[in-house]
Structures are given as structure tokens and as C-alpha cells.
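Step one of this worksheet: look at the structure below.
The values are calculated or read from the model by the stated rules, or taken from the named source; none is laboratory data. Just so it is clear, the model here is predicted, and its values are computed rather than measured. Don't worry about glycine lacking a Cβ; one is built from the backbone with ideal geometry, like all the others, and counts go over all protein chains shown. With ligands, DNA and RNA removed, areas are computed over all heavy atoms of the protein, side chains included. Shrake-Rupley method; radii C 1.70, N 1.55, O 1.52, S 1.80 Å.
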Amino acid sequence: MSESPDGVGYRLDAGVATIELRGPALDVALRSGLLAAVRQVGDDGDAVRAVLLTARGKHFCVGQDLKEHARALEAEPESAFACVRNEYNPLVEALHALTQPVVVAVEGACFGAGLGLALCADVRVAAEGARFATAFTGIGLAADSGLSGALAQAVGPSRAAALMLLGDRFGAEDALRWGLVHRVVPDGDATAEG
């Protein structure tokens, strides 16, 4: 796996491009690195038959780095939300544009924009201990990363509305029962099963 300073690893092996998040929160560097890795899949073309999106550590992704976002709000409140248009939207569009099947392997927390990224995948594998939440309501923000539309498509509009408005956390078994994930595996095995 190639090492990069932006918190994202990329490896192409036997036709599988593995993109590994190396930090729990989506800060500027991680978002940029992830977009670069997704674009690398496109550059590698026919050599890539499938994409595996996973994470190193005990969490898949807890969403946006809120401390970094708070600093941006203090420093430049008029442009602090431009990251949605300039970074999150291109990332979600690039993931959806991939012609190869995308599998996501979720261990630990998958919250907010992290859940939005997971929903960009064609197949989602979750560890038994995985936890999910939309999280936006709890911090007083509107959903980004395509979450509201993708969630409604995955679990139906009524359940999606409740999850978005109430912000309840739920586990892997609920996610499987609702069709949000396709397989639940023992903790530590999500990447191997993906």
C-alpha cells in the first residue's frame, strides 16, 4: 500500500484497488487524499476490476473533522461551508462515476459524511460491532455527501426521514435488516470479507 501524507493509502493488487482511510475524521487532507485515490482508480483504468474502500484503525469514518470546521467558521465564516461544494460533492460524484464495483468494509463508527461515503458503494460489509448514525441533526447541520438521497434509496423514505431527523444510532444487525448493509461479519473481518 502506498504511503501518503494525506491520510489515505492506495494499493492495486490482482485487479483490486484498495483505498484505505488512515484517520477517523474527514479533515481537508483526508478529503483531498480520498478524492485523489478515487481519481487514481480512473487513471489505472482496465487494470482495476473492483474497488475496496476501507479504513485503518477502529473506526471507518466519524464524518467531518468538527474541530477543523469550527476553526474554519471562526476564521472565514463566509466560506467555511464551501467544502461541501468544492470537496464533498466532487468526491461523491467521483465515487458514483466509477465503472468498477465498489465495496465498502465498515468497522467501528460510520457516522455523518462517513455514512454518506459508505452509501456510495455498491456493496457494504459491516463488522458486528459497527455503529451507524446520520449525526447531522445532533450538530445542527444539514446533511451533505449525498446522504439523505442515498439513505432514502437504501432504506426507504420513511425510515430515512426518521434516521435523519432523530439522529438515532443503530448497529450492524439493524443495518442488515433494513438493507443498508449486505453482509455482517465478525469484528476485524470486514476488510477480508469485502
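Quick notes on this one:
- Computed over protein heavy atoms with a 1.4 Å probe, the carbon and sulfur contribution to the accessible area of the chain reaches 52%.
- Helix-derived mean residue ellipticity, 222 nm - over the chain, DSSP H n ≥ 4, -39500 (n - 2.57), to 500: -10500 deg cm²/dmol
- Cβ-defined net charge surrounding Cys120, 15 Å radius [Lys, Arg +1; Asp, Glu -1]: -1
- With the biggest extent put first, the Cα atoms of segment 87-177 measure 34, 29, 22 Å across the principal axes.
- The chain - percent relative contact order, Cα under 8 Å, separation 6 or more: 19
- A straight chain from Asp46 to Ala14 at 0.36 nm per residue would run longer than the Cα-Cα distance by 10.4 nm.
- Think of a 1.4 Å ball rolled over the protein heavy atoms: the chain then has 47 Å² of accessible area per residue.
- Distance between the 7 Å Cα→Cβ label points at Leu66 and Gln153: 2.8 nm.
- Peptides ranked, highest mean first, by Cβ atoms within 10 Å: ranges 7-18, 170-181: 170-181, 7-18
- Gain upon complete extension [Val123, Asp168; 0.36 nm per residue less C-alpha separation]: 13.9 nm
- From the coordinates shown, log10 I(q)/I(0) by the Debye sum over Cα atoms at q = 0.08, 0.16 Å⁻¹ corresponds to which of [x] -0.30, -1.02; [y] -0.35, -0.99; [z] -0.23, -0.98: [z]
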